[in-house]
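**Student:** One structure, as structure tokens, below. Some questions next.
The values are calculated or read from the model by the stated rules, or taken from the named source; none is laboratory data. All of these numbers come straight from a predicted model, not from anything done at the bench. Cβ sites come from the backbone with ideal geometry, for glycine too, and all protein chains shown count toward neighbours. Heads up: the accessible areas ignore ligands, DNA and RNA and are worked out on the full protein's heavy atoms, side chains in. Shrake-Rupley method; radii C 1.70, N 1.55, O 1.52, S 1.80 Å.
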Amino acid sequence: MDHKDSKFDFSPSELEMVCDKSFFFKKGQVLSKIKGQYTRLEEAIHEIDFPSLPFEMLKRGKISQGENYLGAPWVVLDAPAFFSGKDILAFRHIFLWGLNISSTLHVSGKYLDKVD
């Protein structure tokens, strides 16, 4: 059956991509490398002495990943980080596939008063 006979009506490049499962293996390898780098970054962050940060956030970190933020797969490292209701103090490092890699500071609640 020709692809034009299907209800999907894939373009030739779309059909080629659909039939090429190697993309997913490569994607998995790339995401694994990003998570490996974030694991090393988290370990390095935990070695730094931050005397002005609350103890509860110094040894805490989390790596998360998902498939659709702004239409792209993503990996996030929050480290050091403390989340408790409205009180948030976190350094967020995000890899957003095809768009960017960035680091941001998230502050709210009781920690907001301490930021100048």
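**Student:** If you go through the stretch 7-23 one residue at a time, how many are within 30 Å of Lys62 (Cβ to Cβ) and either touching a residue at least 12 places away in the same chain (Cβ under 8 Å) or open to solvent by less than 70 Å² (accessible area, probe 1.4 Å) (or both)? Spell out how you get there, then give the answer.
**Tutor:** Applying the first criterion (within 30 Å of Lys62 (Cβ to Cβ)) to the stretch 7-23 yields 23.
With either touching a residue at least 12 places away in the same chain (Cβ under 8 Å) or open to solvent by less than 70 Å² (accessible area, probe 1.4 Å) (or both) added as a condition, the list becomes none.
Number satisfying all stated conditions: 0.
**Student:** Would you please name the residue that is most open to solvent (accessible area, probe 1.4 Å), looking only at residues in the stretch 55-86 that are of a type outside the set (Gly, Ala, Ser) and out of contact with any strand residue (DSSP E or B) (no Cβ under 7 Å at 6 or more places or on another chain)?
**Tutor:** My answer is Phe55.
**Student:** Still on this structure, I have one more. Here's a check for you: in the stretch 24-40, which residue that is among the small types (Gly, Ala, Ser) and at pLDDT 95 or above is least open to solvent (accessible area, probe 1.4 Å)?
**Tutor:** The residue in question is Gly36.
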